[in-house]
Amino acid sequence: MSTFVLVHGAWHGGWCWGRVTPFLREAGHDVYTPTLTGLSERGHLLSPLVGLDTHIEDVVRLITVLGLQDVVLVGHSYAGQVISGVADRCPDVIARRVYLDAFVGDDGERARDLLPDEVAHHWASSAEEQGFGWLVPVRKLSVLGVTEQADVDWLLPKLTPHPWKTYTDPLRLTGAGTEVPATFIECVDWMRVFRAQADRARQQGWPVHDLHTGHEAMVTAPKELAELLLECAKK
């Protein structure tokens, strides 16, 4: 059996995978869902110093301290940057990287630069005008494809502003993680901010799967997402 480490994106916490984890555990896999420093229930640790390396180290420490092996490392959205950094630092224990509607960054690239221009401008303006220059306020969930009121009510109280530094820090890679097999899952029933990242994955020869839901797949299509993740674990 594999060990899944599911890494959330901006504004979220590890709790956001709560509808997916039962399917993975029922299939016999171990599952870990860390919350990154400064987010959600770890929001009391938020400061302007929290950056991309902080979040990479969060996950590296989880894997190394607990001695995890055969890890299927899943990163949603912003966490594509995180799992690329993690796989670069501990490639020997990572069985597969899975990018769920996520950034596929190269060495030196910033998440901000991987966003479409209009989205990057909106994020930067939001941080400057509403986030004291260093926080990105939570976006409207409808923009992300969450339209059911029950889902909005479950998500919204738990979401917290995200440190902008994680989007402006460059990803630093040695190349060690490139040998770890990778898969991309694109959520195609929304504005498809990560379409260019799916194309980048195809250019690198990765399997790319379409998932017919919005960006918050772990909330709006948990069973379908779990089935794809279980398929990834078999490869």
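Direction-averaged projected area, Cα convex hull, the stretch 1-114: 7.1 nm², rounded to one decimal. Phi-derived couplings, Karplus 6.51 cos²θ - 1.76 cosθ + 1.60 at θ = phi - 60°, listed residue by residue for the stretch 32-46: 10, 10, x, 9, 6, 3, x, 10, 6, 5, 9, x, 5, 9, 6 Hz, with x used for Gly and Pro.
Backbone phi angles across the stretch 149-165, fed through the Karplus curve with coefficients 6.51, -1.76 and 1.60 (θ = phi - 60°), yield HN-Hα couplings of 4, 5, 5, 4, 5, 6, 7, 4, x, 9, 7, 9, x, 10, x, 5, 4 Hz in residue order; Gly and Pro are listed as x. Available extension along the chain between Asp107 and Ser125 is 3.9 nm, counting 0.36 nm per residue and deducting the alpha carbon span.
With a Förster radius of 41 Å applied to the C-beta separation of Lys158 and Thr178, the computed FRET efficiency comes to 0.75. Computed from the C-beta positions of Asp210 and Asp117, the FRET efficiency with R₀ = 22 Å rounds to 0.35.
Expressed as a whole percent, the accessible area of the stretch 6-136 that falls on carbon and sulfur atoms is 48 (1.4 Å probe).
For the stretch 80-235, what class follows from the C-alpha gyration tensor (a ≥ b ≥ c being the square roots of its eigenvalues): rounded when a/c is under 1.5, otherwise prolate if a/b is larger than b/c, else oblate? Taking the square roots of the gyration eigenvalues as a ≥ b ≥ c, the stretch 80-235 is oblate.
The mean accessible area for residues of the chain, using a 1.4 Å probe and ignoring ligands and nucleic acids, is 42 Å² per residue. Of all lysines in the structure, those lying under 26 Å Cα to Cα from Lys140, and not within fewer than 8 positions of it along the same chain, are Lys158, Lys165, Lys223. The stretch between Thr64 and Arg25, if pulled fully straight at 0.36 nm per residue, gains 11.9 nm over its current Cα-Cα span.
When you count the other C-beta atoms within 10 angstrom of each residue and take the mean per peptide, 224-234, 94-104, 208-218 line up highest first as 94-104, 208-218, 224-234.
The values are calculated or read from the model by the stated rules, or taken from the named source; none is laboratory data. Source: prediction; values computed, not measured. Cβ sites come from the backbone with ideal geometry, for glycine too, and all protein chains shown count toward neighbours. Ligands, DNA and RNA are stripped out before the accessible areas are found, and what is left, the full protein with its side chains, is counted by its heavy atoms. Shrake-Rupley method; radii C 1.70, N 1.55, O 1.52, S 1.80 Å.
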